[in-house]
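Novice: I'd like to ask you about the structure that follows.
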Amino acid sequence: MAIAQQAASVADLRRSAIAEAMAKVRAVEETQGVTRASLRDIRAVVLDLARRAELFPREDFPKELDEKGNNAVYLLSEDADHRFALYMSTALPGKKVPPHNHTTWAVIVGVEGEEQNHFYERADDGSRPGEGTLREIGHEVVRPGTGVCLMPDDIHHIQVDGDQPTLHLHLYGRALTHLPQRVTYDTAQGTYKIFPASPNIRDLR
C-alpha cells in the first residue's frame, strides 16, 4: 500500500511540475515567437525540469522495445490542440535514427545517459521531389544538464553509443503524431521519404 501511494505521489508531483513548466514554455513562445533565442529560453525551462530526477524514476519508464524493435517513447503532456507535446524518450545502446526534420520546433535535454546528435543542412537545391543530399554541419552530445534546440527545418540524426541506456525529455511545438510532413533522409541513396511517428508511443499523462 505504501509503495503504491508513493508511486501515485511521484506521478502527481511530476504532473504538477510538468504543468508548471509547460505554462512557462507557452509564455516564452507567445511573447518571443519561435526563434533560436526563444528556443534557448525554452531549453532552460526543460533543463530545470530534467534536473528534478526524483520525478523521473527509472521504473516509471521501462526501456522496452516493441515487436518491431522500436524504443519506447512516453507521452507526458500534450495540449488539446496537439501543441506543446512533451515526451520521455528511452533508448537502449545501439539506437540510431537516420537524419530527419521535425516541421516544428524541438528541444531535447538529457536526464540519463548520452545521445549523439549530428546536424545537417541540405546540399542540393531541393528542386527534385524525393531527392535530397545532406552535408554535416555540427555535432553535440546530449547528456544530463545539456540540451539541443532545433528549428522546424533543422535536420539531425541521433544515436546511442556505448553500453548505457538513455532517458531524454523531448519537447515539440506540435505532437509527433500530428506531423504528417516530417521526412527522413537516406544519405547513401540521396533520397528522402515521409517519416511517421514511432508506433511505440505510450501515454503516461
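Novice: Using protein chains only and a probe of 1.4 angstrom, how many square angstrom of ARG205 are accessible, to the nearest 10?
Specialist: The accessible area of ARG205 comes to roughly 120 Å².
Novice: By how many degrees, 0 to 90 and rounded to 10, does the Cα axis of helix 2-32 deviate from the longest principal axis of the chain?
Specialist: The helix 2-32 is inclined about 50 degrees to the chain.
Novice: If you don't mind, another one. Quick query: amide H of THR191 versus all other amide H atoms, modeled in the peptide plane; which residues come in under 5 Å with a sequence gap of 5 or more or a different chain?
Specialist: GLY132, ASP186
Novice: Another question about this same structure. How would you classify region 158-202 from its alpha-carbon gyration tensor, with a ≥ b ≥ c the square roots of the eigenvalues: rounded for a/c under 1.5, else prolate if a/b is greater than b/c, otherwise oblate?
Specialist: oblate
Novice: Counting only protein heavy atoms and using a 1.4 Å probe, what share of the accessible area of region 79-141 belongs to carbon plus sulfur, as a whole percent?
Specialist: Heavy-atom surface of region 79-141 belonging to carbon and sulfur, 1.4 Å probe: 47 percent.
Novice: Sort out for me the Cα centre separation of region 183-204 from region 43-109, rounded to whole Å.
Specialist: 15
Novice: I've got another one for you. Compute the signed sum of charges (Lys and Arg +1, Asp and Glu -1) over the other residues within less than 10 Å, Cβ to Cβ, of VAL160.
Specialist: After counting each charged neighbour, the total is -2.
Novice: Which of the lysines could a cross-linker bridge to LYS68, judged by Cα under 28 Å and excluding same-chain residues fewer than eight apart?
Specialist: LYS95, LYS96, LYS193
Novice: While we're on this one: Only one of the values (1) 21; (2) 17; (3) 26 was calculated from this structure for percent of Cα pairs over 31 Å apart; name its label.
Specialist: This structure yields the entry labelled (2).
Novice: Compute the long axis of helix 36-50 from its Cα atoms, compare it with the longest principal axis of the Cα atoms of the chain, and write down the angle in degrees, 0 to 90, nearest 10.
Specialist: Value to nearest ten degrees: 30.
Novice: How large is ³J(HN,Hα) for each residue in region 129-136, as worked out from phi by the Karplus curve 6.51 cos²θ - 1.76 cosθ + 1.60 (θ = phi - 60°), to whole Hz, x for Gly and Pro?
Specialist: x, x, 10, x, 10, 10, 10, 6
Novice: Only helical DSSP H runs with n ≥ 4 go in: add -39500 (n - 2.57) per run for the chain, normalise by residue count and round the 222 nm mean residue ellipticity to 500 deg cm²/dmol.
Specialist: Helix contribution divided over all residues of the chain: -8000 deg cm²/dmol.
Novice: Ranked by accessible surface with a 1.4 Å probe, highest first, in what order do LYS68, LYS24 come?
Specialist: LYS68, LYS24
The values are calculated or read from the model by the stated rules, or taken from the named source; none is laboratory data. If you're wondering where the values come from, they're calculated on a predicted model, not measured in any experiment. Methodologically, a virtual Cβ is constructed for each residue, glycine included, from the backbone with ideal geometry; neighbour enumeration extends over all protein chains shown. To get the accessible areas, we keep the full protein, side chains included, count just its heavy atoms, and leave off ligands, DNA and RNA. Shrake-Rupley method; radii C 1.70, N 1.55, O 1.52, S 1.80 Å.
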